[in-house]
Every structure is written in structure tokens, then in C-alpha cells.
Amino acid sequence: MDTTKVLLSLISLAILLQSSQLADASVEDECKIVTAADPNVDYNFCVTSLQADPRSGSADAKELAIIAANLTVANATSTLSKIEKLVGDSNIDSATKGLLNQCSSFYKDVVTAASGAIKAISSGSLGDAKKQLTEASDKPQDCDNLLFEAGKNSLLTKEDNDCTNLASIAQYIVAKLQ
């Protein structure tokens, strides 16, 4: 009887490991599709970003799109906090603070669009989700361009690129689902 329990435990463990490998392959497969569609998205960035969410291990494509959209919201929210700190920094001139306030508006739009996309994906309105994710991926680049033109691009370059890439990951997964 103890041998049967051990055998069942080993079989269960093997099945669990196999399903985990299949789920990881799903993340990897989705990221291959995304990076083929958008060479600006780095494959390793895609994989590590999605795998940072523990739900990705068992997620299907729809769930991975939701995870990527959630990561977009989290990134944009974090960037809004950074912008707020920069605007409060006495070493930053008023013209730059004005640009950062415009970027803050862009990032608020990202949060709204990506949050709307999550609801749209969940309800099966993939066309709406794709439209909202396109907006979410464009807005950080609007900020980046604004700062670049003023010679201040280094302030948020990483945040802008990461947010754009996260929204693009969600967008291309949704496009595949349509």
C-alpha cells in the first residue's frame, strides 16, 4: 500500500512537471509570435515579463494577454509615481516639469486603455481590446518623443520602452486570438 502511494505521488509529480513545461512552452511560443510580429519587442523581455506572473505557468493565450495588460497597468502606474517624484524635484526646471506633466497625462491614458483592454479581453471583445492596447502602446512613445525633442529623453526612456513593449505583447497576443 505504501508503494502504491509513492507510485501515485511520483506519477502526479511527473504530470505536474510536464504540464509546467507545456505552460512554459506556451509562454515561449507566444513570445516567439510576438517578436516575429514586432522586432522591437525583445524575446527575453517578453518571456521574463510574462513568467514574472505566477499565473503564466498554466495560462492560455487569452490569460497571457490579460497578464501582459496587467503588467502594462503596473508599469504605467509605477511610471506615474516616478514622474510625480521628478516633478517634485527642485533640481528639475519648470519647462521639464511641464513636459513631465504631459507625460503624466499620457501614462494616465495608458492605465485607462490597458484597464479597458483587460475588461474587453475578459468579455471576448477582442477588437476593442486590440484598439485599446494600440493606444496603450503608443502613449509611452508620445512621452518619449516629447522628452527627446526637448533633449530630456533620458528621464523616462526605459519606462517608456518597457511600457510600450508590455502593451505590444498583449496587443499581438490579442491579434492572434482574433
inquiry  = Quick check on this structure: which one of Leu100, Leu156, Leu146 is more than 14 Å from the chain's Cα centre (by Cα), aliphatic (A, V, I, L, M) and open to solvent by 20 Å² or more (accessible area, probe 1.4 Å)?
reply    = Leu146
query = Does Ala25 satisfy being at pLDDT below 50, over 20 Å from Ala167 (Cβ atoms) and among the small types (Gly, Ala, Ser)?
reply = no
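I'd like the residue in region 103-124 that is touching a helix residue (DSSP H, G or I) at 6+ places or on another chain (Cβ under 8 Å) and of a type in the set (Ser, Thr, Tyr) and, out of all such residues, is most open to solvent (accessible area, probe 1.4 Å).
Let us first name the residues in region 103-124 that are touching a helix residue (DSSP H, G or I) at 6+ places or on another chain (Cβ under 8 Å), namely 103-104, 106-111, 113-118, 120-122.
Those left that are additionally of a type in the set (Ser, Thr, Tyr): 104, 107, 115, 122.
On the way: Ser104: 20, Tyr107: 0, Ser115: 41, Ser122: 67 Å².
Taking the candidates together, the pick is Ser122.
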ask   = Hey, Leu166 hits all of (1) surrounded by fewer than 24 Cβ atoms within 10 Å (Cβ to Cβ); (2) closer than 22 Å to Phe45 by Cβ but one; which does it fall short on?
value = (1)
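How about region 58-78: which of its residues are over 27 Å from Asp144 (Cα atoms), assigned to a helix (DSSP H, G or I) and open to solvent by less than 20 Å² (accessible area, probe 1.4 Å)? Let's see the steps before the verdict.
Restricting attention to region 58-78, the residues satisfying the condition of being over 27 Å from Asp144 (Cα atoms) are 58-63.
Remaining after also requiring assigned to a helix (DSSP H, G or I): 58, 61-63.
Selection gives Ala61 alone.
So which residues in region 32-57 are closer than 21 Å to Ala120 by Cα and open to solvent by 20 Å² or more (accessible area, probe 1.4 Å), if there are any at all? Steps first, answer last, please.
Initial filter on region 32-57 (closer than 21 Å to Ala120 by Cα): 34, 50, 53, 55-56.
Listed by number, the residues that qualify are Asp53, Arg55.
The values are calculated or read from the model by the stated rules, or taken from the named source; none is laboratory data. This structure is a prediction, so every number in the text was calculated from the model and none was measured. Note that each Cβ is placed from the backbone with ideal geometry, even for glycine, and that neighbours are counted across all protein chains shown. The accessibility values were calculated without ligands, DNA or RNA, using every heavy atom of the protein model including side chains. Shrake-Rupley method; radii C 1.70, N 1.55, O 1.52, S 1.80 Å.
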